[in-house]
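Worksheet: the structure to be examined is printed underneath.
All of the numbers you see were taken from the coordinates with simple rules; none came from a lab. These numbers were taken from a predicted model, which means no experiment stands behind them. Neighbour counts are summed over all protein chains in view; Cβ atoms, including those assigned to glycine, are modelled from backbone coordinates with ideal geometry.
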Amino acid sequence: MKRIDFLKKGLLGASALGIAGLIQSEEKVGSLAIEQVGFNHLPLEKNRIMNNTIIHRATTRGHADHGWLNTHHTFSFAQYYNPERMNFGVLRVLNDDIVAEGKGFGTHPHDNMEIISIPLAGDLEHKDSMGNVQVIRENDVQVMSAGSGITHSEYNRNSDKQVNFLQIWVFPNKRNVKPRYDQLSFPKADRHNQLQQILSPNADDEGVWIHQDAWFYLGSFDSTFSSSYALKKPGNGIYLFVLEGSIQMGDTVLNRRDGMGVWDTPSIQFQSLEKTEILVMEVPMQLA
């Protein structure tokens, strides 16, 4: 499958929310073709702050408030379409979702996408066509390999408080695999002033695994603590997302819900400016 067709399918393989917007986006992507998306799916020049660095401020994300769902999109999704914000390598979707009490996403299909959910607050109930009925909570990580096709629903389990979770989509390196579901819980103490691996390509490694050469980490750092991250695989890029607090990378300060992508580098260094929580995602910069 051509890269542009794969990207278009990724736009459409989706959520019950905003299907009309996705179809409109698919038409626009078709007209932009490779020239706008970029052969290696690297970010376009406009958003770069250096030759190998791109920054996405929290205030520049796409936003939609549907009443039952208040959501922010780092990358184009549903009715938010920005040709300069399609993806970062194989990282296709990074949604910051707040679901109202007792509400949720009805049953909807996915295929050929690795879908990761990370609850930040509250309890999210998951049901799918494989027969899984699970609740994911803060400090849990859920992964679903949609593969050849799956349907599922997600609901706020509680009637008295909202649920906030990150919905992340990653393009797989294998198509039409058997659908798979998994979730694990990660002690928060194990990420104090260090990066805690929560995802990898290896079922025998720490955390959940997906069909892609990607590694995810959570970190919780005290003020003024310095740390670094070295790439696992040459040619990959790093996308860092600030969950809470603020950090400094070189001359750049990232605040709550800011994101920064870096490529063509073997490692990154950063320092927390206050008590800070981050998500680090290492991903391939090209679609397989």
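Cα gyration tensor of the range 148-288, axes a ≥ b ≥ c as square roots of the eigenvalues: rounded (a/c below 1.5), prolate (a/b > b/c) or oblate?
Working: a/c = 1.91, a/b = 1.22, b/c = 1.56.
Oblate, since a/c reaches 1.5 and b/c is not below a/b.
I'd like the Karplus ³J(HN,Hα) series for the range 68-75: coefficients 6.51, -1.76, 1.60, θ = phi - 60°, whole numbers in Hz, and an x wherever there's a Gly or Pro.
After applying 6.51 cos²θ - 1.76 cosθ + 1.60, I find 7, 9, 10, 9, 10, 10, 5, 10 Hz.
Name the residues whose placed amide hydrogens come within less than 5 Å of the amide hydrogen of Lys103, ignoring near sequence neighbours (fewer than 5 apart) on the same chain.
Long-range HN contacts for Lys103: Asn156.
Once the piece of chain linking His108 and Asp251 is laid out straight, how much longer is it, given 0.36 nm per residue of separation minus the C-alpha distance between them? Numbers along the way, then the final one.
Numbers: separation 143, 0.36 × 143 = 51.48 nm, distance 4.32 nm.
Stretched fully, the His108-Asp251 segment lengthens by 47.2 nm.
Residue by residue through the range 87-103, which ³J(HN,Hα) values in whole Hz follow from phi under the Karplus form 6.51 cos²θ - 1.76 cosθ + 1.60 (θ = phi - 60°), with glycine and proline marked x?
Result, rounded to whole Hz: 5, 10, x, 8, 7, 9, 9, 9, 9, 10, 9, 10, 10, 5, 4, x, 9.
Can you run phi through the Karplus equation (6.51, -1.76, 1.60; θ = phi - 60°) for the range 256-269 and list ³J(HN,Hα) in whole Hz, with x for Gly and Pro?
Karplus-based 3J(HN,Hα) across the range 256-269 equals 3, 6, 6, x, 9, x, 9, 9, 6, 8, x, 6, 10, 10 Hz.
For Glu125 and Lys233, what is the calculated FRET efficiency with R₀ set at 25 Å and r taken between the beta-carbons, to the nearest 0.05? Please report the intermediate quantities before stating the final value.
On the way: r = 35 Å, r/R0 = 1.39.
Between Glu125 and Lys233 the formula returns 0.10.
Take Ser267 and Gln194, extend 7 Å from each Cα along the Cα→Cβ direction, and tell me the distance between the two endpoints in nm.
Distance between the two pseudo-spin positions: 1.6 nm.
Calculate the length of the line joining the C-alpha centroid of the range 212-288 to that of the range 77-145, in whole Å.
Rounded to whole Å, the Cα centres lie 21 Å apart.
On a 21 Å Cα-Cα criterion, which of the cross-link pairs Lys188/Lys275; Lys103/Lys127; Lys127/Lys174 come out too long? Write down the numbers at each step before the final one.
Details: Lys188/Lys275 14 Å; Lys103/Lys127 14 Å; Lys127/Lys174 24 Å.
The answer is Lys127/Lys174.
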